[in-house]
1. Which fully enclosed helices (runs of 4 or more DSSP H) of the stretch 20-126 have 3 or more residues being open to solvent by 70 Å² or more (accessible area, probe 1.4 Å) and more than 21 Å from residue 136 (Cβ to Cβ)?
2. With respect to residue 115, determine if the residue is over 15 Å from residue 36 (Cα atoms), at pLDDT 90 or above and acidic (Asp, Glu).
3. Take the stretch 127-140 and flag every residue that is in contact (Cβ under 8 Å) with a residue 12 or more places away in the chain and part of a helix (DSSP H, G or I).
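The values are calculated or read from the model by the stated rules, or taken from the named source; none is laboratory data. All figures in this text were calculated on a predicted structure; none of them were measured in a lab. Note that each Cβ is placed from the backbone with ideal geometry, even for glycine, and that neighbours are counted across all protein chains shown. These area figures cover heavy atoms from the full protein model, side chains too; ligands, DNA and RNA do not enter into them. Shrake-Rupley method; radii C 1.70, N 1.55, O 1.52, S 1.80 Å.
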Amino acid sequence: TKEELFVAAHEIPFSPAAVRGVLEAGEGTLGERVARLYLTAAFREGGSFESLVRAAMTNPTARAMLRDFIEQGVLDALAPYLGTPDARFRIMLAGSHLMGLFLARRVLGVDALREADVDRLVRVVSPTIDRYLTGDLAGVG
């Protein structure tokens with residue numbers, strides 16, 4: 001697919017197909033599976049994901065490419081798996097939380113996050129990712 005080609009060309013550390021697999025089944029809660037997939041892949045040394053994210057912050061073309069991939073390749077492919085009318089919103093809440101963690105650790109280099117291993121980060125953030133994806137959001141806004 002177009003999205004898989006983008007993933008390969010830009011060395012995106014995870015594909016919509018991999019995320020679909022995590023949504024369908026696996027060990028642990030949905031939040032744990034999503035957080036582990038993303039954090040393990042995004043923190044991989046030597047990949048170009050960090051470069052793509054940095055470019056997207058300052059280059060309108062790179063930003064549009066990444067946004068289109070997220071909106072069309074990720075959201076459109078994954079929203080049906082949650083089965084809720086607000087699935088796109090929920091997925092973006094989870095994604096923005098994980099992207100913020102990536103930016104703080106890899107781009108800003110915040111020591112406390114750089115020193116934490118992936119297992120600890122997954123344990124800490126997965127309850128929040130679970131709430132974003134499957135919890136009650138009605139009482140918070």
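1. Details: elements: 30-42, 49-58, 60-68, 76-82, 87-102, 111-114.
Hits in the stretch 20-126: 49-58, 60-68, 111-114.
2. Yes; evaluated as a whole, the condition is true for this residue.
3. 127, 128, 129, 130, 131, 132, 133, 134 - these are the residues of the stretch 127-140 that are in contact (Cβ under 8 Å) with a residue 12 or more places away in the chain and part of a helix (DSSP H, G or I).
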